[in-house]
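Reviewing the structure listed below.
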Amino acid sequence: MSAIKYQRILLKLSGEALMGSGDFGIDPAMLRRLAADIGELVAAGVQVGLVIGGGNIFRGAGLAEGGLDRVRGDQMGMLATVMNALAMQDALEKAGIAASTLSAIPMDSVCDSYSKRRAMQLLEAGQVALFAAGTGNPFFTTDSAASLRAIEIQAQLLIKATKVNGIYSADPMQVADARFYPSLSYDQVLAEKLAVMDTAAIVLCRDQGLPLQVMNIQEPKAILRAVQGEAVGSLVHSGA
Ligand code: UDP
């Protein structure tokens, strides 16, 4: 096996990644597949922090469109991320991979609360650390939570695994001649308003010099290849 380039990473999965072929909730077969992918990283000696979104269950903005108070909707969205994290923790443990969930919203009888200290203890002990409940604040997304936690734990790389092969000039599902960007700067992402992560997350990564690699979750061993330093998907960096 090739040597690893990044010893500690933060992996961001959208809630939709857990749906598999369904259109709501969690597909157990998909959870098992993702757990196996994460297991390969751990076996290679990579310390893995994990942020999972909640869009497969609730998003605050969508609930607000339906008439719910936005803050309450965001709280429901954050709770949805806790459900996803618990499901993933369970799948990881069933695959023999030690994992613990840390929530930004205290819920002591369910999981530990997030603190950087606890996160570092888990990572240094080789456990997968699942960071749940986003940032704990409304009007943010789990992309922002992922960049925030990645910076806190001093991850060397933030990986966003998505449904597309990387970053394009336009949505490749809609625009036939959309251009693929193998490497680009955060300022280019912002200037061209590329749909990579929300602006708050992008600015945080840019200002802290954290590289972001975006890849297709369906591509075999994409995440493992990325931590080995392969140019899989698109790499966003601070430099020009
Ligand atoms: N959320 C929030 N604050 C956070 C993170 C998430 O209020 O720090 C809420 C927000 O309503 C969001 C939902 O949780 O829509 C689910 O997260 P997200 O939309 O990022 O999930 P994903 O699209 O990655 O599945």
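Things to note:
- Using 0.36 nm per residue and subtracting the Cα-Cα separation, the extra length available between Ala200 and Ser169 on full extension is 9.2 nm.
- Label-to-label distance, Asn216 versus Glu230, with points set 7 angstrom from Cα along the beta-carbon direction: 1.3 nm.
- Translational diffusion coefficient of region 86-140 (Stokes-Einstein, Kirkwood radius from Cα pairs, 10 °C, 1.306 mPa s): 137 µm²/s.
- Using the average count of surrounding beta-carbon atoms within 10 Å as a protection proxy, the listed peptides 132-145, 164-177 rank, highest first, as 132-145, 164-177.
- Nearest-0.05 FRET efficiency for Gln208 and Val110, computed from C-beta distance (R0 30 Å): 0.50
- Kirkwood Rh in Å, taken over all unlike Cα pairs in region 12-68: 12.7 Å
- Kirkwood-Stokes translational diffusion coefficient of the chain, alpha-carbon pairs, 4 °C, 1.567 mPa s, µm²/s: 73 µm²/s
- Kirkwood hydrodynamic radius of region 156-225, from inverse mean 1/r over distinct Cα pairs, in Å: 12.8 Å
- Translational diffusion coefficient (Stokes-Einstein; Kirkwood radius from C-alpha pairs) of region 9-107 at 10 °C, 1.306 mPa s, in µm²/s: 113 µm²/s
- Nearest-0.05 FRET efficiency for His237 and Ala3, computed from C-beta distance (R0 35 Å): 0.95
- Reciprocal mean inverse distance between Cα atoms of region 98-169 - Kirkwood radius, Å: 13.3 Å
- Summary of packing: across the peptides 4-10, 86-92, the per-residue average of other C-beta atoms within 10 Å ranks them, highest first, as 86-92, 4-10.
- Taking a Cβ cut-off of under 10 Å around Gln228, the surrounding Lys, Arg, Asp and Glu residues balance to a net charge of +2, with basic ones at +1 and acidic ones at -1.
- A simple spin-label model places pseudo-atoms 7 Å from Cα toward Cβ; at Arg179 and Phe24 they are separated by 4.2 nm.
- Segments 13-19, 204-210, 185-191 sorted - mean Cβ within 10 Å per residue, highest first: 13-19, 204-210, 185-191
Where a number appears in this text, it was derived from the coordinates with a stated rule and is not lab data. Fair warning: this is a prediction, and the values are worked out from it, not measured in the lab. All Cβ positions, even for glycine, are placed from backbone atoms using ideal geometry, and neighbour counts span all protein chains on display.
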